[in-house]
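Have a look at the structure below before the remarks.
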Amino acid sequence: MAAKTHKRQNSRATARPSVAQPRKSSRELIFGDLWEFDPAPETADPKLKPRYDLFINGEFTAPKSGKYFPTINPATEQKIADIALASPADVDTAYQAAQRAFDSVWGKMPGRERGKYIYRIARLLQDHAREFAIAETMNGGKPIKESRDFDVPMAAAHFFYHAGWADKLEYVAPGRSVKPLGVVGQVIPWNFPLLMMAWKIAPALAMGNCVVIKPAETTSITALKFGEILQEAGLPPGVVNIVSGAGETGAAVMNHPLAAKVAFTGSTEVGKIIMRSLAGTDKKMTMELGGKAANIVFDDAPLDQAVEGIVNGIFFNQGHVCCAGSRLLVQEGVAEAVLAKLKNRIKVLRVGDPLDKNTDVGAINSKEQLGKIRELVDSGVKEGAELYQSPCRLPAKGFFFKPSVFSNVTMSHRIAREEIFGPVLSVLTFRTVDEAIEKANNTPYGLSAGVWTDKGSRILKMSVELKAGVVWANTYNKFDPTSPFGGYKESGFGREGGRQGLLDYGKLI
Ligand code: NAI
Ligand code: MG
């Protein structure tokens with residue numbers, strides 16, 4: 001038999017230069033350096049429209065003012081679509097529709113019937129998963145592998161989980177019965193646009209409430225696309241209303257007299273404004289605000305695993321995560337080793353086109369957020385901390401920031417105290433367990449923390465002593481719809497997820 005020789009023309013295993021970048025010399029391609037892959041962009045059609053209207057009473061409706069605002073792709077700075085700007089008058093129409101739906105249909109419907117709608121929404125999200133993942137990545141800047149493997153499946157999982165509760169509400173609070181509140185107003189941020197929407201809408205619907213929700217102004221597309229899912233699911237008109245816009249629209253949603261409860265996720269600053277404006281009203285309120293989590297590594301921890309967890313904790317979603325492990329507390333004896341491993345790992349993170357399936361770190365969500373990150377990083381350098389940044393090359397267009405690690409950080413530095421909300425880690429050291437606890441708790445926030453150690457008893461002690469709503473042990477940034485999530489202190493109050501989160505949408509009688 002004649003032997004044939006095959007030449008692989010396009011092997012991924014071969015280091016090839018990507019289009020925009022010059023080929024590296026063989027000396028540069030040393031072990032541990034970044035091998036260059038061919039571009040692997042996601043190419044499916046996300047079925048975007050040039051213009052998105054408000055979703056009110058089951059219909060896409062033009063804003064009364066006729067005003068629209070552009071939304072861009074933060075990785076290219078190109079406009080994607082025009083988004084309707086809801087005025088307080090539009091918000092009022094949405095509340096009237098929601099109240100009518102609550103009084104005439106949704107509030108009266110048996111739980112087992114409501115559950116069918118919620119289940120259908122979950123299934124439809126799965127059916128349209130690819131479109132949603134691409135739209136989320138294009139509008140928000142997060143890597144496609146995250147929107148595809150985390151955001152969209154988790155959003156569907158929240159609807160599945162709560163569909164299961166709808167007909168079992170008599171068991172949610174043993175010995176008590178629970179009733180819906182009425183219409184709830186919700187405002188969400190831009191870091192997990194679709195997922196935050198699912199966290200807010202799914203429990204509200206399961207409990208029998210109707211909803212007026214506002215997405216963040218930089219990431220409205222998947223929220224309004226979700227209106228198409230609600231239409232396809234045949235959800236009765238007015239049960240969910242989606243009003244897009246910025247702070248003024250948000251304030252109208254939070255302050256409307258028909259809102260029996262408001263739920264907010266965003267900055268502590270805006271959370272405080274909302275709390276002040278609602279003081280003295282009888283509205284129920286839940287707040288999920290900022291964080292400055294400590295990831296605490298003891299000297300008996302499996303260091304390679306810990307380094308993966310640290311990287312996931314702060315570079316996941318460009319650090320646009322309220323529970324990001326933005327402070328690393330490492331025990332002195334292993335500090336040098338951990339820092340060296342960390343730098344090696346950061347070197348090979350792929351930063352760039354969020355639609356590329358190989359990208360680890362995508363685009364910063366907006367120019368404003370990039371400015372905030374730069375300002376805080378500059379302050380870290382000025383205050384004397386030592387900065388290490390990934391040697392990666394950033395794309396010429398779009399909002400990107402190099403994965404960064406500060407060492408020699410002290411508790412008085414701004415980078416150790418303020419929420420950066422970007423891919424920037426501050427490393428501090430400690431000697432004893434008590435010192436770790438004291439440093440970790442020395443923050444106005446208290447959303448989450450991570451503990452890395454071989455000792456179960458130490459994990460238990462830390463999880464009691466750390467003033468944080470979530471404490472992960474030997475892992476980080478893990479989520480599940482059954483598990484309640486929420487903060488202590490200035491990170492907010494109320495829980496989302498699990499039985500506790502559901503109960504925050506009802507009244508016990
Ligand atoms: P933000 O708190 O201003 O925005 C969050 C949401 O609130 C958006 O939908 C926005 O339109 C709305 N909003 C703004 N002003 C409002 C008002 N007066 N009344 C009602 N709603 C209002 O957050 P921003 O300015 O986008 O980000 C600033 C910082 O906040 C970030 O750098 C980060 O540190 C933190 N943040 C924390 C989040 C979290 O998940 N905890 C999410 C987003 C931001
Ligand atoms: Mg703001």
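The values are calculated or read from the model by the stated rules, or taken from the named source; none is laboratory data. Since this is a predicted model, take the numbers as computed values, not measurements. Note: ideal-geometry Cβ built from the backbone for every residue, glycine included; neighbour counts use all protein chains shown. Just so you know, the surface numbers come from the protein's heavy atoms only, side chains and all, with ligands and any DNA or RNA stripped out. Shrake-Rupley method; radii C 1.70, N 1.55, O 1.52, S 1.80 Å.
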Q: Under a cut-off of 17 Å between alpha-carbon atoms, report the aspartates and glutamates in cross-link reach of K67, not counting same-chain residues fewer than 8 places apart.
A: D53, D82, D90, D92, E217, E248
(Q) Which one, G234, H413, A436, projects farthest toward the positive side of the charge dipole computed for the chain from Cβ point charges (K/R +1, D/E -1)? (A) G234
Q) How many times 2.2 N^0.38 Å is the alpha carbon radius of gyration of the chain? A) 1.00
Q | Estimated FRET transfer efficiency (N344, R100; beta-carbon r; R0 51 Å; 0.05) | A | 0.30
Q: Taking the Cα centre of region 294-473 as origin, sum charge times position over the Cβ atoms of Lys and Arg (+1) and Asp and Glu (-1), and report the length of that vector in debye to the nearest 20.
A: 480 debye
Q. So if we plug the beta-carbon distance of Q231 and A396 into 1/(1 + (r/R0)^6) with R0 = 35 Å, what FRET efficiency do we get, rounded to 0.05?
A. 0.30
(Q) Per 0.36 nm of contour for each residue apart, how much would the distance between N442 and K79 grow if the chain were fully extended, relative to their Cα-Cα spacing? (A) 126.5 nm
Q: Could you check the simple spin-label distance between T482 and R123, using points 7 Å along Cα→Cβ, in nm with one decimal?
A: 2.3 nm
Q. Rounded to the nearest 500, what is the chain's calculated 222 nm mean residue ellipticity when only DSSP H runs of at least 4 contribute -39500 (n - 2.57) each, over all residues?
A. -11000 deg cm²/dmol
Q | Separation in nanometres of the label points that stand 7 Å from Cα toward Cβ, at E269 and A246 | A | 1.3 nm
Q. Given 0.36 nm per residue, what is the gain on full extension from S412 to D282 after removing their alpha carbon distance, in nm?
A. 42.9 nm
Q | Given K142/K467; K347/K439; K200/K507; K347/K402, the pairs whose alpha carbons are separated by over 19 Å | A | K142/K467; K347/K439
(Q) Can you give me the accessible area per residue for region 294-473, using a 1.4 Å probe, in Å²? (A) 38 Å²
Q.
If you take every DSSP beta bridge fully contained in region 294-473, what fraction is antiparallel? Give it as a percent rounded to 5.
A. 15 percent
Q: Could you work out the longest stretch of the chain that avoids the GluC sites (Glu not before Pro) located in DSSP loops with at most 14 other Cβ atoms within 10 Å?
A: 78-509
Q: Obtain the nm distance between the two label points defined at E368 and D149 by a simple spin-label model: each point lies 7 Å from its Cα along the Cα-to-C-beta direction.
A: 3.2 nm
Q: May I ask for the equivalent-ellipsoid semi-axes of region 294-473, computed as the square root of five times each C-alpha gyration tensor eigenvalue and listed largest first in whole Å?
A: 26, 17, 15
Q. Which pairs, out of K292/K489; K214/K478; K367/K397; K64/K283; K343/K372, put more than 20 Å between their alpha-carbon atoms?
A. K214/K478; K64/K283; K343/K372
(Q) Taking the Cα centroid of region 214-279 and of region 118-150, what is the distance between the two, rounded to the nearest whole Å? (A) 20 Å
